[in-house]
1. Could you list all residues from the stretch 377-393 that are touching a residue at least 24 places away in the same chain (Cβ under 8 Å), surrounded by fewer than 22 Cβ atoms within 10 Å (Cβ to Cβ) and over 30 Å from Ala262 (Cβ atoms)?
2. Can you tell which of Asn281, Asn254 is within 18 Å of Arg356 (Cβ to Cβ) and in contact with a Lys or Arg (Cβ under 8 Å, 6 or more places away or on another chain)?
3. Determine whether Thr185 is within 12 Å of the ligand (Cβ to nearest atom) and of a type in the set (Val, Ile, Thr).
4. Starting from the stretch 13-28, keep only residues that are touching a residue at least 40 places away in the same chain (Cβ under 8 Å) and under 17 Å from Met43 (Cα atoms), then list their pairs with residues that are assigned to a helix (DSSP H, G or I) and among the polar types (S, T, N, Q) whose Cβ atoms are within a distance under 9 Å, requiring at least 6 positions of separation or different chains.
5. What residue, among those in the stretch 168-182 that are more than 13 Å from Ala154 (Cα to Cα) and in contact with a Leu (Cβ under 8 Å, 6 or more places away or on another chain), is nearest to the ligand (Cβ to nearest atom)?
6. Here are some residues: Leu316, Leu337. Which one is in contact with a Leu (Cβ under 9 Å, 6 or more places away or on another chain) and not polar (S, T, N, Q)?
7. Look at the stretch 188-210 and say how many of its residues are within 10 Å of Ala172 (Cβ to Cβ) and more than 9 Å from the ligand (Cβ to nearest atom).
8. Scan the stretch 94-116 and give yes if some residue there is touching a Leu at 6+ places or on another chain (Cβ under 8 Å) and within 23 Å of Ser211 (Cβ to Cβ), otherwise no.
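Values quoted throughout were computed directly from the atomic coordinates according to the rules given, and no laboratory measurement underlies them. Everything quoted here is computed from the prediction, not taken from an experiment. A quick note on method: Cβ atoms are made from the backbone with ideal geometry, for glycine too, and the neighbour counts reach across all protein chains shown.
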Amino acid sequence: MIASFHPPVRTLMGPGPSDVNPRILEALSRPTIGHLDPAFIGMMDELKRLLQYAFRTENALTIPVSAPGSAGMETVFTNLIEPGEKVIVCQNGVFGGRMKENVERCGATPIMVEDEWGAPVDPGKAEQALNTHPDAIAIAFVHAETSTGVRSDAETLCGLARRADCLSIVDAVTSLGGIQLEVDTWGIDAIYSGTQKCLSCIPGLSPVSFSEKAVQKIRRRKSKVQSWFLDASLVMGYWGGETKRAYHHTAPVNSLYALHEALVILQEEGLENAWQRHAQNHAALVAGIEAMGLGFLVDKPWRLPQLNAVEFPDSLNDADVRSNLLNHYNLEIGAGLGVLAGKVWRIGLMGFSSNRVNVNQCLLALGTVLSTMGYNCDPSAATTAANAVYSSQ
Ligand SMILES: *Cc1c(COP(=O)(O)O)cnc(C)c1O
């Protein structure tokens with residue numbers, strides 16, 4: 001007989017999922033009710049308002065897609081893009097490559113603007129692409145590239161798009177709740193996120209938001225959206241609220257309770273305070289990592305506080321370090337992706353995981369593992385450096 005599954009208790013300091021607040025796990029276990037139950041519909045309306053708060057938008061079309069971040073990405077691309085159109089895609093890591101793939105699968109042509117992995121998107125190159133391709137209908141970029149730990153200047157890039165009369169498409173899977181993000185003020189037209197990164201909710205949902213200009217573009221479509229499930233106009237028959245709600249698909253009822261709770265927690269803390277907390281824990285981790293003689297892939301102004309790409313010497317066996325941390329300290333950190341595999345670790349400080357205890361635990365565990373593997377460092381000097389940052393703030 002197969003027994004019940006009980007996962008080990010880990011500390012999640014990788015690229016997501018992050019540690020889930022116990023309040024959210026408790027919300028998840030509340031009784032399942034019908035997805036058209038009036039009580040549930042009241043909760044959905046609150047959920048839309050809470051998402052507008054997190055995104056800083058008044059966009060009416062702001063909902064969680066019933067699937068992970070990748071489905072939010074597909075929702076944005078399949079709804080906005082029609083075959084034969086051109087989209088400028090900025091790529092500086094793994095996720096920009098997925099945007100390219102989405103554009104191609106929509107039957108459209110991606111115009112690539114490429115930057116080094118570890119560098120932000122260069123607004124100069126983006127502007128040049130917009131000038132060279134005035135017929136492009138959108139420019140797409142990743143605000144927080146989780147594969148490299150780099151932030152791009154979303155405000156500037158969206159400003160360029162607006163001046164070129166082009167839609168802006170933003171991947172905010174890792175940025176939402178972790179760093180400043182202003183959908184309305186920056187003029188973002190279509191944005192998608194995830195629940196398992198800085199919202200510290202369970203994986204499997206993807207908040208999205210479309211500006212009025214983006215909604216108009218969808219309304220003008222000549223062809224049907226190729227995905228029935230992700231077609232925003234059909235989904236809005238359930239989420240819309242203007243007309244009587246109709247069955248589209250069975251909403252992931254309990255997961256939505258969890259997201260509601262995650263956003264209530266964010267609202268209680270306050271968005272700015274959450275950004276500040278991420279920045280502070282990042283500063284402490286940086287001090288500790290540097291005290292161990294290790295450095296960072298990304299230049300200081302562009303580092304993401306929630307995702308730290310730490311470079312390590314070739315002499316260290318990457319997989320051994322990470323399995324040691326997991327097996328002996330129950331601590332998960334991320335490996336490098338793509339060209340950065342075997343070159344960096346990705347230490348996440350996302351959402352509920354972004355706290356002083358985790359920073360200390362990670363520095364001590366990493367320092368101890370590295371010492372036993374022959375790398376010369378002092379774990380207690382690392383935590384001393386980190387705690388000096390907390391005392392000074
Ligand atoms: C995690 C991530 C995604 C994909 O989200 P899933 O929930 O894994 O589908 C997309 N973009 C970025 C920047 C991410 O970090």
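1. Step one: filter the stretch 377-393 for residues touching a residue at least 24 places away in the same chain (Cβ under 8 Å), giving 377-379, 381-390, 393.
This time we only want the ones that are surrounded by fewer than 22 Cβ atoms within 10 Å (Cβ to Cβ), so: 377-379, 381, 383-385, 387-390, 393.
Cys377, Asp378, Pro379, Ala381, Thr384, Ala385, Ala388 - these are the residues of the stretch 377-393 that are touching a residue at least 24 places away in the same chain (Cβ under 8 Å), surrounded by fewer than 22 Cβ atoms within 10 Å (Cβ to Cβ) and over 30 Å from Ala262 (Cβ atoms).
2. Asn281
3. So Thr185 does not fit the description; no.
4. Short answer, once both residue conditions are applied: Ala27/Asn254; Leu28/Asn254; Leu28/Ser255.
5. Kept after step one, since they are more than 13 Å from Ala154 (Cα to Cα), are these residues of the stretch 168-182: 173-174, 177-178.
Within this subset, residues satisfying the condition of being in contact with a Leu (Cβ under 8 Å, 6 or more places away or on another chain) are 174, 177-178.
Details: Thr174: 4, Gly177: 13, Gly178: 11 Å.
Restricting to residues being more than 13 Å from Ala154 (Cα to Cα) and in contact with a Leu (Cβ under 8 Å, 6 or more places away or on another chain), the top hit is Thr174.
6. Details: Leu337 fails: in contact with a Leu (Cβ under 9 Å, 6 or more places away or on another chain).
Result of the check over Leu316, Leu337: Leu316.
7. Step one: list which residues in the stretch 188-210 are within 10 Å of Ala172 (Cβ to Cβ), which gives 188, 191-194, 197-198, 207-209.
From what is left, the residues that are more than 9 Å from the ligand (Cβ to nearest atom) are 188, 191, 198, 207-209.
The total comes to 6.
8. No, because not a single residue in the stretch 94-116 is touching a Leu at 6+ places or on another chain (Cβ under 8 Å) and within 23 Å of Ser211 (Cβ to Cβ).
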